[in-house]
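Here the structure comes first, spelled out in structure tokens, and everything after it is commentary.
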Amino acid sequence: MEAVVTVGLALLMLGAGIAFGIYFNKKVTTAKMGDLDQLLAEKTKKAEDESEKIRQKGQLDASNYLIEAKKELEKETKQAKGDLAQKENFLFQKEEKLNKKAETQEKREEDFSKREELLNTREKQIAKKGDDAERLLTERKEELERVAGMTTEEAKQTLKDGIEAEAKLEAAKKVKQIEDEAKDTAQAKANNIIALAIQRYAGEYATERIVTVVGLPNDEMKGRLIGREGRNIRALEAATGIDLIIDDTPEAIVLSGFDPIRREVARMSIDRLIQDGRIHPSRIEEMVTKCQVELDEKIKEFGQQATFDLGLHGVHQEIVKLIGRLRWRTSYTQNVWQHSIEVGYICGVMAAELGLPVKKARRAGLLHDIGKAVTHEIEGSHAVIGAELARKFGEKEDIVHAIEAHHEDVEPSTILAHLVQAADCLSGARPGARREIMESYVQRLKDLEHIATSHNGVERSFAIQAGREVRVMVNAGQISDTEAVVLSGDIAKQIETELTYPGEIKVVVIRETRAVGVAH
């Protein structure tokens, strides 16, 4: 029972505590709510005050902004009005200029119209005067023809001949003047260089012909070379391409043929067969083949010797062989191999005197006649053929040009080409270098003198220096100094046209005036 009462009391006290707590909490809450309302009212009022201040400030800022914007707008409007005024002024000025130009153009058009009318009038006047002048000219021409007894064409021809003669004399005077000036500065040096080149090289000449004489140990060997029913001689001729002439000449036979290489092969073969003693067709063919191989080696050796003597390097082997083949070629009985070496030396000497590359000059001189090694195989000028071969085997273009220009198949355009020309002439013109048949030599001299004396005013002429110079004596009363220059050129041109000759021929016209007085 007590327990129940205790529990009840406890519950009652608990309920009272709860009720008191609720009441206290409500009081506290009410008090807080009052404070919060008061705080809210204060903040609300403060916010309203701030809002009023901001509103008032915003109104002030907006008013200031509007004032500034209005000022800026007024400024821009004023500036735009000023720009507009300037443009209006510019357009006005431009319009005035255009008006002035239009007025000027109108005036010019009026002036042009007046000038055109004036020109038309003058043209009519000129045309009328031209007709009058033509009529007068025709009348004068007819009168002149009647007085002079010549037609217009005859008068023109007479005038043309006179002008041509006068121009020719003037040209001759100019040529003589240029030649005199050139001689003053160049003749001494040229003579010195040429003389020095000639003196510094002296070579021997081997003369070859179209036949080769082979000596025999005895006349019995002729029969062995002929063979039974001529089989040996036929085998020799078929293998070598050379004709064997066996006649009554004691202990000798003659090999005849235009190809010197084949003649040399035949000579070597016959010498070997005589030494061997076995002479029959099969042995002949074997020996000819062997000699051809040996001669090819000799050709190469002669080519190498020529390049070595001149101090040249880097020459193509095919060109070396062509140089070697020249050992058995002749030109006007002058050995071409020796001639080429000599031209190389002379070119080098003259190049050294002129301060030019010596090796290049020697190379061009040595190679200038390589076309002669194949002229029997290829058609054309040996100078052009040689140039094509040199170009094919890698020679430089200036050397190629010197080769093809040394006989003026093309116009020489370099100093090297002129050096090769000069050296070639010097080598061929040296006394004893070439021999000619006496009859043709004498005939050429007569032809030279006949050409010279066929011109008017020539009294005598003399061919000298083995036909390389013609001295022409003229009548001083008929030929003037200027006409002498013209005469020398005319004679030289006629010689070039009518005669065939090696090298070049110099024509010297001599005019002499003599005054003789006698004292008593």
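The values are calculated or read from the model by the stated rules, or taken from the named source; none is laboratory data. Bear in mind that the values here come from a model prediction, so they are computed numbers and not experimental data. Cβ: placed from backbone, ideal geometry, glycine included. Neighbour counts: every protein chain shown. When the accessible area is computed, the model is the full protein with side chains, heavy atoms only, and any ligands, DNA or RNA have been set aside. Shrake-Rupley method; radii C 1.70, N 1.55, O 1.52, S 1.80 Å.
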Taking R0 as 45 Å, what's the FRET efficiency between residue 504 and residue 318 from their Cβ-Cβ distance, rounded to 0.05? 0.90
For the pair residue 61/residue 44, report the inter-label distance in nm, with labels modelled 7 Å from Cα in the Cβ direction. 2.8
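So if we plug the beta-carbon distance of residue 513 and residue 274 into 1/(1 + (r/R0)^6) with R0 = 60 Å, what FRET efficiency do we get, rounded to 0.05?
On the way: r = 72 Å, r/R0 = 1.20.
Efficiency computed from Cβ-Cβ geometry: 0.25.
Determine the share of the stretch 92-139's accessible area contributed by carbon and sulfur atoms, expressed in whole percent, with a 1.4 angstrom probe. Walk me through the intermediate numbers first.
On the way: 2460 of 4830 Å².
Here it works out to 51 percent.
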Note the full-extension length gain between residue 125 and residue 305 as 0.36 nm times their separation in residues minus their Cα-Cα distance, in nm to one decimal. 55.9 nm
Which of the lysines could a cross-linker span from residue 101 if the Cα-Cα distance has to be under 22 Å and same-chain partners fewer than 8 positions apart are dropped? 87, 114
The ³J(HN,Hα) series, computed from each phi in the stretch 120-133 with the Karplus coefficients 6.51, -1.76 and 1.60 at θ = phi - 60°, rounded to the nearest Hz and given as x for glycine or proline, is 4, 5, 5, 4, 4, 5, 5, 4, 5, 5, x, 4, 4, 5
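How high is the FRET efficiency between residue 91 and residue 118 when r is their beta carbon distance and R₀ equals 51 Å, given to the nearest 0.05?
Numbers: r = 40 Å, r/R0 = 0.79.
Efficiency, from the Cβ-Cβ distance: 0.80.
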At a Cα cut-off below 23 Å, give the lysines reachable from residue 446, other chains included and same-chain residues fewer than 8 away excluded. 493, 506
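Rank these by accessible area, largest first, 1.4 Å probe: 468, 511. Intermediate results must be reported in sequence, preceding the final value.
Details: 468 50, 511 85 Å².
Sorted descending by solvent-accessible area, the residues read 511, 468.
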For the residue pair residue 75 and residue 252, what label-to-label distance in nm results when each label sits 7 Å from Cα along the Cα-to-beta-carbon direction? 13.1
Once ligands and nucleic acids are excluded and a 1.4 Å probe is used, how much of residue 142 is accessible, expressed in Å² to the nearest 10? 110
Please give the length that would be gained between residue 454 and residue 293 if that part of the chain were fully extended, namely 0.36 nm times their separation in residues minus their C-alpha to C-alpha distance (nm, one decimal). 52.2 nm
Whole-Hz Karplus couplings 3J(HN,Hα) for the stretch 344-359, θ = phi - 60° and coefficients 6.51, -1.76, 1.60, Gly and Pro as x, run x, 5, 5, 4, x, 5, 5, 5, 4, 5, 8, x, 9, x, 6, 4
